[in-house]
Amino acid sequence: MLRSSSGLLRLGLLRGAAPAARARAPLPWMSGAPARPLRPLAGALFSSDAYHYHPGPIETKWQAIWKKADAEVAAAGGSEPLFNSMAGKKYVLSMFPYPSGHLHMGHVRVYTISDVVARFARQQGLNVLHPIGFDAFGLPAENAAIERGIAPAEWTRRNTAHMREQLRTLGIQFDWDRELSTCDPGYYRWTQWLFAELFRKGLAYRQEAAVNWDPVDCTVLANEQVDAEGRSWRSGALVERRQLRQWFVRTTSFADDLLHDLESVDWPENVKQMQRNWITYGRYAVTLPAVDVAPGLVAALAAGTGTGAGRGTPSKTPPPAMEVSVASLLELDAAGFVVVGPGHPLAEAARALDPEGATGQAVSRLAEALAAGGPVDEDPATANMAGVLLPGVTVTSPLDKHRRLPVYVAAYADILGRRQDHALAGADGVADGEADLEKVHLPRAFLGTAGCSLAVAFAREHGLDLPADRPLRGSAAHARRQEVFRALDRDRRIRHPLRLRDWLISRQRFWGCPIPVVYCQDRCAGSGEEGAVPVPDAQLPVSFPESSSPEKLAGRSLGQLLEEWRHTTCPCCNGPALRETDTMDTFVDSSWYFMRYCDPHNDKQIFDPKQVNQWMPVDIYVGGVEHAILHLLYARFITKFLHSEGHIESTVEPFQKLLVQGLVNGATYKSPVTGAYLKPHEVDMTVDPPVDIASGQPAAMTFEKMSKSKYNGVDPEVAVSAFGADTVRVFILFKAPYEQVLEWDDKAVAGPARWLRRVWALASEHAEGVHAAGGPPAPPAASPADRSSALLQLRALTHSTVERITRTLSETYTFNLAISDLMKLTNALAEVAEEDRRSPEYHEGVVHLLQMLAPFAPHISSELWETIHPGESITEAGWPKVDQKAIRDAVELVDITLPVMINGKNRGRVVYTPGQLDGKALQQHVEALARAVPTINGHLADQTIDKVIFVPGRLLNFVLEKK
Ligand SMILES: [Zn+2]
């Protein structure tokens, strides 16, 4: 009512008298705290000696409890397939890992973020899906297998087992009963079914394509596996370009949807832009709503002078359609005229109609000038601004049907055309062939707008009006673009030339999902041109023989190795047939895993649509920016395909919100002499700054992406055993906003560690008091008028913190600010006077702190909760509800001390309780209080008051009339 929320919480009021020193003994039910010798507290509150926080045993205990609960769920046949539809749902997904064998700090960051969001949703009582699996096919396993002589399946099994345990030691609570692995036949059977379905619907096809061929390893290499000298990264052989017949998936068939539906998802704008740039060239072709052309000119157009006009006799010829090329939809708002080059059909028709007239002559001169090497000067001050109005032609403004725009033939249209060609040719690094450019086919008519300096110069030269340039920025620009897009798309007046190519999915690798196709030797009816037949569903999965071991694989092609396996019979005619030996790109495996999580054990179909419809879309997807293009695009494509086939109805977009987390960088030391990266034992860390032992000089320190070659990696296992999982989690969330780079710094872990120790001591002490009193106090009084202002302020802080953290975890995801809010609440609780520590308000503050801490630091909060409420679970305790009245009470009922001034000089103070008073009534009340103070009133005697300045909560100032 009176003050901003920040001014409301004046924590200074919460300071109480220092409590008398007394001894505290840990109680037997404080199972996590080992017994400590009794000793008196001296001075400091909550000395860590009195209630010592040992994360190790607590975390082990709770991880065992959660693991047992997981086992019970699994024993009961998995979590409920159909959930309580009344409670709402939250599907929280993190990108699944390659089973490399070890988690790195990037994994810790991504899984901690998704765990916080999922645990929060569980506390809110929602149906929560938070699954995990392993993206298990692919080169890492295959290479490890070849290098170590171990079967890829075995290598993968060992690694997933290890990573599962690592995830548990971080306290990440996944739905383990839904775990999947893409190399499991129960999974890839359905990846194969998906391929066969694409094939049957005409969306998978085989075509020749150029590939990088390693003649030593007899395999295709990805571009990234070929070094700058054109040699294979593994064999060192010179790589050959070979034409091979490869399988493609027709992603271009959903290109429009892939582009348009981006508008409906809540993703970072840069990721959306990367998707757009991958799909289109960024320029739009917009069809103008109407073109008015003089009858004579229509006849000339119809006579075939131009290529873009209609055919037939003049009388029947409809007005020609006209497209303009724009880089931004916002250009359409600022259009003043249209320009075309002398080669445009309209210009040619005008010239043909009257070659000797003024217009015809002018167009001819422009054409000749351009043909002769023409003006290419792009500087508006010196560019060729020659041009001529096309008489008898006007076009309707793209967004305002009441506005007509003139059309000019202009030399500078040639410059714009060249710029456009340049953009299409892949100026941003994507190389396209000539043939592709022809297909792109963008119009060569452009809008004259105030945003184009050439157009401004042209308008000045020819006395034309341009609408004022009012460039929109940020969200206003976004909203306007969407509006324009919708308006044009409704009338189908917008076209995007595609950059997107079909998806090449063939890989000549062993450790991947076999493409389920056989080639009929007789090319029987029922098999295609090549005799390709998809393997019938009943025969899936197609698996490589178990005996295919890496030793046999080394140096030989899969074709040689699997010669015997290849021979099979045609499902159509039972004649001889050969199996496809290519495997699929692992991006196929990950293009649909999030839907399988909804029904992971189904052996009758890819998934039950009912299950997928109830969970999809994923509400929050957390992952790295390295997947911002391909993985997201392919997952979106497959979702759209399955939607078009009726397998999923609830959404066409798989991921509603995307959180892209930043990298984790490590402290990196370099020799001040040689610049070489220093190993840990080469740096003396006991001094500050750390010293390069060899030179005796301070080492050069930077934060860089963690890498083996820089010796700057931090092993999550080491960090967890040193600090505890809760501290690592809190540090990772607190150190930087989730989307920014996180600099891992061992020294900085001390802050979060100290805070958790403080929470431990504070809540342990409170638990002791609760049990000494025989139970928790009754809830805070409904009528708070008789409470002290300190306690009312505490309640207000508790509830405003609940309000902010609820918003953080459901809208803004500013985890670092949330933790900082919890730290403030902890400080306020620590400052509560000793005599108020048995109050309902204090109890409420402590338990709400624990409830809000639970998603971030689940072990310590579970332990402390159990200590205060034996036998109860913090998850079941739910999420605290905001009591708005508690926040208001602090404003209305807390006494406010206000300085009173006369002519700006401090003359005393008044203490008042605002109550329900507001505005003028409040001011009168406070003025009366001030006049009742003798020292103040004395200064006012015999004076005329000119005016009174009252700033509620800040000051009261009497301004006296000058005598
Ligand atoms: Zn056949």
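The values are calculated or read from the model by the stated rules, or taken from the named source; none is laboratory data. These figures come from a predicted structure and were not determined experimentally. Heads up, the Cβs are rebuilt from the backbone with ideal geometry, glycines too, and the neighbour counts pull from every protein chain shown.
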Single residue of GLU356, GLU348 found to be more than 25 Å from LEU488 (Cβ to Cβ), crowded, with 19+ Cβ neighbours inside 10 Å and acidic (Asp, Glu) = GLU348
ask   = Is there any pair linking a residue in segment 575-595 that is farther than 26 Å from CYS524 by Cα and within 16 Å of the ligand (Cβ to nearest atom) to one that is among the β-branched types (Val, Ile, Thr) and in a loop (DSSP other than H, G, I, E, B), with Cβ under 8 Å and at least six apart or on different chains, and which?
value = none
ask   = Within the set of pairs 6 or more residues apart or between chains, which connect a residue that is in the same structural domain as ASP599 (by TED's automatic domain parsing) inside segment 639-650 to a residue that is outside any helix (DSSP H, G or I) and surrounded by fewer than 21 Cβ atoms within 10 Å (Cβ to Cβ) with Cβ atoms less than 6 Å apart?
value = LYS640/VAL652; HIS643/VAL652
Given (1) of a type in the set (D, E, K, R); (2) at pLDDT 90 or above; (3) in the same structural domain as GLY871 (by TED's automatic domain parsing), index of the condition ARG39 fails = (2)
query = Restricting attention to segment 107-126, does a residue exist that is of a type outside the set (Asp, Glu), touching a Pro at 6+ places or on another chain (Cβ under 7 Å) and not in a helix (DSSP H, G or I)?
reply = no
ask   = Restricting attention to segment 459-484, which residues are under 15 Å from SER397 (Cα atoms) and surrounded by 12 or more Cβ atoms within 10 Å (Cβ to Cβ)?
value = LEU466, PRO467, VAL484
request  = Take the residues in segment 700-739 that are more than 19 Å from ALA857 (Cβ to Cβ) and acidic (Asp, Glu), then tell me which one is nearest to the chain's Cα centre (by Cα).
outcome  = GLU739
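For segment 133-176, enumerate the residues that are of a type in the set (A, V, I, L, M), surrounded by fewer than 23 Cβ atoms within 10 Å (Cβ to Cβ) and assigned to a loop (DSSP other than H, G, I, E, B).
Correct list: ILE150, ALA151.
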key: segment 226-258, subset of a type in the set (S, T, N, Q) and within 30 Å of ARG200 (Cα to Cα), residue surrounded by the most Cβ atoms within 10 Å (Cβ to Cβ)   = THR251
ask   = Can TRP744 be described as under 23 Å from ASN816 (Cβ atoms), aromatic (Phe, Trp, Tyr) and over 30 Å from the mean Cα position of the chain (by Cα)?
value = no
inquiry  = On the basis of being in the same structural domain as LEU180 (by TED's automatic domain parsing) and either farther than 26 Å from GLY623 by Cα or in contact with a strand residue (DSSP E or B) (Cβ under 7 Å, 6 or more places away or on another chain) (or both), does VAL116 make the cut?
reply    = no
query = Got a sec? Which of LEU898, LEU960, LEU922, LEU956 is surrounded by fewer than 17 Cβ atoms within 10 Å (Cβ to Cβ) and over 47 Å from the mean Cα position of the chain (by Cα)?
reply = LEU960
task = Filter segment 512-546 down to residues that are touching a residue at least 40 places away in the same chain (Cβ under 8 Å), of a type in the set (S, T, N, Q) and within 16 Å of the ligand (Cβ to nearest atom) and give me whichever is farthest from THR581 (Cα to Cα).
result = SER527
task = Determine whether ARG206 is surrounded by 19 or more Cβ atoms within 10 Å (Cβ to Cβ) and part of a strand (DSSP E or B).
result = yes
message = Need a quick list: strands (runs of 3 or more DSSP E) entirely within segment 221-324 having at least 2 residues that are at pLDDT 85 or above.
response = 240-249, 284-287
inquiry  = Name the single residue that is farthest from ASP715 (Cα to Cα) among those in segment 671-695 being in a strand (DSSP E or B) and out of contact with any Lys or Arg (no Cβ under 9 Å at 6 or more places or on another chain).
reply    = VAL691
task = Considering every residue within segment 704-715, establish whether at least one is assigned to a helix (DSSP H, G or I), of a type outside the set (S, T, N, Q) and either assigned by TED's automatic domain parsing to the domain that holds GLY623 or under 22 Å from LEU809 (Cβ atoms) (or both).
result = no
inquiry  = Criterion first (more than 21 Å from THR798 (Cβ to Cβ), at pLDDT below 90 and not β-branched (Val, Ile, Thr)) does LEU898 satisfy it?
reply    = yes
Only listed residue being away from the ligand (no atom under 14 Å from the Cβ), modelled with pLDDT under 70 and buried (at least 20 other Cβ atoms within 10 Å of the Cβ), chosen from LEU558, LEU562 = LEU558
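Tell me which residues, restricted to segment 799-845, are among the polar types (S, T, N, Q) and not in a helix (DSSP H, G or I). So that I can check it myself, show each step before the final result.
At the first step, the residues of segment 799-845 found to be among the polar types (S, T, N, Q) are 800-801, 806, 808, 810, 812, 814, 816, 820, 826-827, 839.
Matches in segment 799-845: THR814, SER839.
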ask   = In segment 747-779, what count of residues is obtained for those that are within 36 Å of the chain's Cα centre (by Cα) and without any contact (Cβ under 8 Å) to a residue 40 or more places away in the chain?
value = 7
message = Go through segment 804-861 and report how many residues are acidic (Asp, Glu) and surrounded by fewer than 18 Cβ atoms within 10 Å (Cβ to Cβ).
response = 5
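Could you list, in sequence order, all residues of segment 66-106 that are of a type in the set (Ser, Thr, Tyr) and in a strand (DSSP E or B)? Don't jump to the end; show me each part of the working.
Residues of segment 66-106 of a type in the set (Ser, Thr, Tyr): 79, 85, 91, 94, 98, 100.
Hits for segment 66-106 are TYR91, SER94.
For segment 343-433, please list each of the helices (runs of 4 or more DSSP H) lying entirely inside it that holds at least 1 residues being closer than 26 Å to ASP333 by Cα and at pLDDT below 90.
Ranges flagged: 345-353, 412-424.
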ask   = Taking helices (runs of 4 or more DSSP H) that fall entirely within segment 857-963, which contain at least 2 residues that are closer than 30 Å to SER114 by Cα, in contact with a Lys or Arg (Cβ under 8 Å, 6 or more places away or on another chain) and in the same structural domain as ARG758 (by TED's automatic domain parsing)?
value = 858-868
